[in-house]
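The values are calculated or read from the model by the stated rules, or taken from the named source; none is laboratory data. Not measured: the values here are computed from a predicted model. Here the Cβ positions follow ideal geometry from the backbone for every residue, glycine too, while neighbour counts run over all protein chains shown. Side chains included, ligands, DNA and RNA excluded: accessible areas come from the protein's heavy atoms. Shrake-Rupley method; radii C 1.70, N 1.55, O 1.52, S 1.80 Å.
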Amino acid sequence: MNTVIRLRKLTKYYGKHRGILDLDLEVKEGEIYGFIGPNGAGKSTTIRTMLGLLRPSSGSAELFGMEVSSHKTQILKRVGYMPAETAFYSSMRVKDALAFSADLYGRDCREEAARLCERLKLDTKKKVEELSLGNRKKVSIVCAFQHEADLYILDEPTSGLDPLMQKEFFALVRERNRQGASVFLSSHVLSEIQRYCHRAAIIREGRLVVADEVANICKGSAKRITIQGITDITGIEKADLQKQENGISFLYRGQMQPLLEKLSKLPIEDLTITEPGLEETFLHFYEGGKKA
């Protein structure tokens, strides 16, 4: 498969303050790729820098095999970009905002825009300033999707959408993906990444912590150990310790034999070992496997 996004040592400083540091990342054609991190981790800085909206301090970004710094206009015509926070001229009506966005791509998008507005239940006659946060988000979705891009770069796309509209949004993402488009999805809603993405990367304090298939990220990080019959355990490294009635639960990243030998000497009533979900895995990576 061709590579649609390639970042090499991409770095961005704001003066002396860290934005992102030495990011190496590849997204293949046809992927839905997740980009995970809390506020301030560097997700939006990464996206804006890879799109050429910010000038990198060092390193490079390529989209569709072209260097962004020298082919930005050509690249952006093939990208549907949805920023985390979209600003529109408040006096504009929705239909005018959509037409203005389409003009930036040099495309007549009226038919597709009408289909998307009907699907998302968006009133195009209203002024942007009259819209709720959720409806302004819908305007941003239509702006990103109306020109049927080859690559969608979506930064926190579902914030402000109600659950039904979130479901409809991801149905749209999957449809475009099946039609051949690639998707780069930034989110802090980890269930979205786990449900919809093929691969993902976790960013922490501007650096990539891990990049792999979502299933491998969960599988390779830690096990969730739940024990009934004891209320504490010492002598092993563990994370996210949760005390329960007549039991404990924690994340364990280590060899099973030493743990089982330790447990065999304790009054265990019940023991469960499971693969953690992406949320638990993220916390494990983000806290750096902090010991309990």
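If you go through the stretch 151-165 and pick out every residue that is modelled with pLDDT of 90 or more and open to solvent by 30 Å² or more (accessible area, probe 1.4 Å), you end up with 3.
The residues of the stretch 66-89 that are open to solvent by 60 Å² or more (accessible area, probe 1.4 Å) and farther than 15 Å from ILE153 by Cβ, listed by number, are SER69, SER70, HIS71, THR73, GLN74, ALA87, TYR89. Listed here are the strands (runs of 3 or more DSSP E) enclosed by the stretch 1-119 that have at least 2 residues being touching a residue at least 60 places away in the same chain (Cβ under 8 Å): 3-14, 17-28, 32-36, 79-82.
Look at ILE5 and say whether it is open to solvent by less than 30 Å² (accessible area, probe 1.4 Å) and under 18 Å from TYR152 (Cβ atoms). Yes; evaluated as a whole, the condition is true for this residue. All of LYS28, LYS43, LYS95 fail the test of being over 17 Å from SER186 (Cα atoms) and charged (D, E, K, R), apart from LYS95.
Contact annotation: residue pairs with Cβ atoms under 6 Å, 6 or more positions apart or on different chains, pairing a residue in the stretch 230-255 that is under 13 Å from ILE268 (Cβ atoms) with a partner that is at pLDDT 85 or above and in a loop (DSSP other than H, G, I, E, B), are ILE230/LEU266. Scanning the stretch 166-182 for residues that are closer than 12 Å to GLU148 by Cα and either in contact with a strand residue (DSSP E or B) (Cβ under 9 Å, 6 or more places away or on another chain) or open to solvent by less than 20 Å² (accessible area, probe 1.4 Å) (or both) yields LEU172, VAL173, ARG176, ASN177, ALA181, SER182.
Just wondering, is there one or more residues in the stretch 129-144 that are of a type in the set (Ser, Thr, Tyr), surrounded by fewer than 17 Cβ atoms within 10 Å (Cβ to Cβ), farther than 27 Å from LYS28 by Cα and out of contact with any Pro (no Cβ under 8 Å at 6 or more places or on another chain)? Yes: one or more hits. Screening ALA114, ALA144, ALA84 for residues that are under 26 Å from ARG174 (Cβ atoms) and modelled with pLDDT under 95 leaves exactly one candidate, ALA84.
Restricting the stretch 208-239 to residues that are at pLDDT 90 or above and among the acidic types (Asp, Glu) leaves a set whose member that is surrounded by the fewest Cβ atoms within 10 Å (Cβ to Cβ) is GLU213.
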